[in-house]
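Reading through the structure tokens given below for one structure.
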Amino acid sequence: MLVTLRVFRLDPTRESEPHYDEFSMEAKPWERILDCLNRVRWEQDPSLAFRSSCGHGICGSDGMLINGVCGLACQRLVKEYPEGLITLEPLPNFQVIRDLVVDLDPFYQKYEKVKPYLITGEQAPERERLQSPSEREVYDEAIRCILCACCTAACPITPKQSEFLGPAALLRAFRYLFDSRDQASRERMEILDREQGIWGCKGHGLCTRVCPKEIDVRKWLGRTKKRLHDARIAAGSQQELSTDTGGQGPA
Ligand code: FES
């Protein structure tokens, strides 16, 4: 089938306004958008900038806007776009470095804020820290996250609240908050219990819709809200639970 990629182009070192270039080619229906992009770079325009690495939905580096929807170029096949015209743009809400490459530093800075590592305060055992299969299962889905940033780019809160941690960082926070081996619940809840934290999430669910690993991000963020809600009640807090939980309420 004939495929035309309509690609966002911007080199901020030389131009202030972006433009779109079109690249046409014959492609097999089962070829991936990433295959087409590689062919553009090899055969038509070596200056086209985009990221990719594994080519198999593992590294998360080729997140972009594909016909208006955040996704991985290595996961989308050309047959999913039978009209043959595929518009490729950089992930929204991030600064463009060049063409389809965005600056993910703010994304990783927010990720770092949730302390994405086990905190125990205990000497590490000689062998691994044990956990039962059911304890492990609690966050089984959340650890499929590959930090591609599609969810954060799709979240409508991201452009409104620059300090909002965003769904990817909050999902990772959930993972450690619910890890039976972690002993920093109080510290973690303090980080999350604010409008820039878990309460910034209004439950729109676009994160879940675009996640290339099919993680129900909204559900797990809802679980975190409930944990914080329960902790407030358990602490006998007089503070009104006036915080907007986005109509979703504790899950
Ligand atoms: S290239 Fe690694 S996830 Fe697509």
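The values are calculated or read from the model by the stated rules, or taken from the named source; none is laboratory data. All values reported here derive from a predicted model rather than from experimental measurement. In this analysis, Cβ positions are derived from the backbone assuming ideal geometry, glycine residues included, and neighbour counts consider all displayed protein chains. Calculation scope for accessible area: heavy atoms of the full protein, side chains included, ligands and nucleic acids excluded. Shrake-Rupley method; radii C 1.70, N 1.55, O 1.52, S 1.80 Å.
For GLU122, the conditions (1) on the phi < 0 side of the Ramachandran plot; (2) surrounded by 21 or more Cβ atoms within 10 Å (Cβ to Cβ) all hold with the exception of (2).
Elements of the type strands (runs of 3 or more DSSP E) sitting completely within the range 1-117 and holding at least 1 residues that are surrounded by 19 or more Cβ atoms within 10 Å (Cβ to Cβ), within 16 Å of the ligand (Cβ to nearest atom) and among the hydrophobic types (A, V, I, L, M, F, W, C): these cover 63-66, 69-72, 85-89. Filtered by the rule that a residue be in a loop (DSSP other than H, G, I, E, B) and crowded, with 22+ Cβ neighbours inside 10 Å, the range 208-238 gives a lone residue, CYS211. Only one entry in ARG144, ARG136 is within 16 Å of the ligand (Cβ to nearest atom), open to solvent by 50 Å² or more (accessible area, probe 1.4 Å) and closer than 27 Å to LYS219 by Cα, namely ARG144. Residues in the range 184-202 that are open to solvent by 40 Å² or more (accessible area, probe 1.4 Å) and outside any helix (DSSP H, G or I): ASP193, ARG194, GLU195, GLN196, LYS202.
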